[in-house]
């Protein structure tokens with residue numbers, strides 16, 4: 001009976017009405033799911049960056065003599081260090097590792113949660129790029145990295 005009334009009054013079949021109502025209810029649910037997927041992607045991106053960052057920190061814990069080259073902007077001396085004869089190679093390897101972390105952050109910028117780029121990663125990248133050894137490394141190997149890393153390295157003082 002309701003079916004006949006709807007068809008008569010509005011020219012609408014009850015199946016069309018149910019379909020329209022389902023769509024109206026479904027759209028907010030789809031929007032919610034999209035937001036949840038976005039948050040999940042942002043969380044996974046941030047987690048991956050921190051995993052890479054913790055790898056760097058762990059090496060500094062194992063070899064604290066490397067940290068000043070990246071956090072205190074110490075230049076690599078031309079003379080050999082008798083305590084660490086392989087120091088230039090170790091510093092170079094750390095440059096490669098840190099440059100990779102910085103590049104990943106740059107590439108993933110749009111996938112990071114809201115304020116984590118502005119309040120954390122951008123400042124971290126700029127600060128790390130003040131390291132003379134890292135700047136030299138990026139200058140020499142810029143063709144392995146995104147162009148923006150070289151640009152930021154050249155702009156940092």
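General observations
- Of all residue pairs spaced 6 or more apart or on separate chains, none has beta-carbon atoms under 6 Å together with a first member in the stretch 80-93 that is touching a residue at least 60 places away in the same chain (Cβ under 8 Å) and a second member that is part of a loop (DSSP other than H, G, I, E, B).
- Only one of 151, 122 that is part of a helix (DSSP H, G or I), over 13 Å from the mean Cα position of the chain (by Cα), at negative phi and modelled with pLDDT of 90 or more: 151
- Residue 112 fulfils the conditions (1) at pLDDT 90 or above; (2) surrounded by 16 or more Cβ atoms within 10 Å (Cβ to Cβ) except for a single criterion, (1).
- In the stretch 125-142, the residues that are farther than 16 Å from residue 46 by Cβ, assigned to a helix (DSSP H, G or I) and touching a helix residue (DSSP H, G or I) at 6+ places or on another chain (Cβ under 9 Å): 126, 127, 128, 132, 133, 134, 135, 136, 137, 138, 139, 142
- Those helices (runs of 4 or more DSSP H) lying entirely in the stretch 1-92 with at least 3 residues at pLDDT 75 or above: 14-62, 68-71
The values are calculated or read from the model by the stated rules, or taken from the named source; none is laboratory data. Treat the numbers as computed from the prediction; the structure is a model and nothing was measured. When we count neighbours, we look across all protein chains shown, and the Cβ atoms used for this are built from the backbone with ideal geometry, even at glycine.
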